[in-house]
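Just so it is clear, none of the values below were taken in a lab; they were calculated from the coordinates. Since this is a predicted model, take the numbers as computed values, not measurements. Please note: Cβ atoms are built from the backbone with ideal geometry, for glycine as well, and neighbour counts cover all protein chains shown.
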Amino acid sequence: MASGLAALAAARGRALLLGALLSQLGPCSGNSELSTAVNITWSSINFKTILQWQPEPTNYVYTVEISGINSNWEKVCVHTKETECDVTDKLEKVKDTYTAHIVSEMLSGTEKFEEPSYAIAPKFTPYNQTTIGRPEIQTYELTDSKLKVLVEDPLTPYRFTNKSFKSIREIFKNDLEYTLYYWKDQSTGKKEATTKSNQFEISIDKGKNYCFYVQAIILSRRENRKSQESKMNCTSHERNVLDEYGTEVFIIIAAAAIVILIIIIGLSVTLYKCKKTKAAKEKETMPLNDI
């Protein structure tokens, strides 16, 4: 019995000694130095999509794995030390919902990766979540009582078979609508018009200048429906004095001119009478001077 207890104590002592030695050597796999990705976000404009995360790696690398509901897992940005990855090419089925893994990996002495750990990105559906960028006003024309505006559809990174880029119209089709916001120059009253095409033709007040901009709207969305605003444009129709200053100022100027004219006439009549009176007096005194 005593010998058994002694053997048990000796074995326990050896185990404690081995544990102490291992604690001094540190973890053999080095995985305690790995960090999994945090703050994972999708940044997407007009379907150009970048997956971003933190922190920057030190002595390890990242690999991104991505899959849609209707597609298999694929690897992109393999063994990267960056904290972002362009995944646009893997999201061309824009109505699919995608999941991404950010895998943290460390190279062993034989250049192989061991025991990878990963973080999971939020799910992402490009059709519903990509931000629509700023549309461009391609041309506009001002006639007597019409304003015509042509909008250029923003392009996406995706191509047709002939290598030309698809616009957002080719993707959203009837789900895309434009709104034109317009107002008279130097006025705060804003009006709006909508179209399913990319052309506007609106009735305006003749001879007036207008400022305007456009926004795209995705009708099926509940959030993130509107695009960024286009650059504001203003027409440059030449304005006459009445347009510039208004009829009230014109009336005031006309009244002032009439008053000045009356004063001038009054002064002229007064001077004429004064001269006439002076001449008459001089004529009356002339005989006395002759005597």
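For the pair Glu56 and Thr97, a Förster radius of 30 Å applied to the C-beta separation gives a FRET efficiency near 0.55, rounded to the nearest 0.05. Rounded to the nearest 20, the Cβ-based charge dipole of region 42-185 about its Cα centre (Lys and Arg +1, Asp and Glu -1) stands at 480 debye.
Net charge within 12 Å of Thr80 by Cβ-Cβ distance, Lys/Arg positive one each and Asp/Glu negative one each, not counting Thr80 itself? Around Thr80, the charge tally is -3. Between Asn39 and Asp144, what FRET efficiency follows from the Cβ-Cβ distance if R0 is 51 Å, with the result rounded to 0.05? The calculated FRET efficiency here is 0.35. Under 5 Å from the amide H of Phe47 lie the amide H atoms of Thr131, each residue being 5 or more positions distant or on a separate chain, with H modelled from the backbone and absent for Pro and chain starts.
Cross-link reach is defined here as a Cα-Cα straight distance under 25 Å, omitting same-chain residues fewer than 8 places apart; for Lys273 the lysines meeting it are Lys281, Lys283. Between Lys196 and Ile265, the simple spin-label model (points 7 angstrom out along Cα→Cβ) gives 6.8 nm.
A simple spin-label model places the labels of Ser220 and Asn70 1.1 nm from each other, with each point 7 Å out along Cα-to-Cβ. In this rough spin-label picture, where each label sits 7 Å from Cα along the Cβ direction, the Thr131-Lys184 distance is 3.6 nm.
For the set Lys90/Lys173; Lys90/Lys123; Lys184/Lys226; Lys148/Lys231, the pairs lying more than 19 angstrom apart at their alpha carbons are Lys90/Lys173; Lys184/Lys226. Remark: the Cα gyration tensor places region 44-195 in the prolate category, a/c being 1.5 or greater and a/b exceeding b/c. Listed values for region 126-136 are Karplus-derived 3J(HN,Hα) couplings in whole Hz (6.51 cos²θ - 1.76 cosθ + 1.60, θ = phi - 60°), namely x, 4, 8, 10, 5, 7, 8, x, 5, x, 10, and x replaces Gly and Pro.
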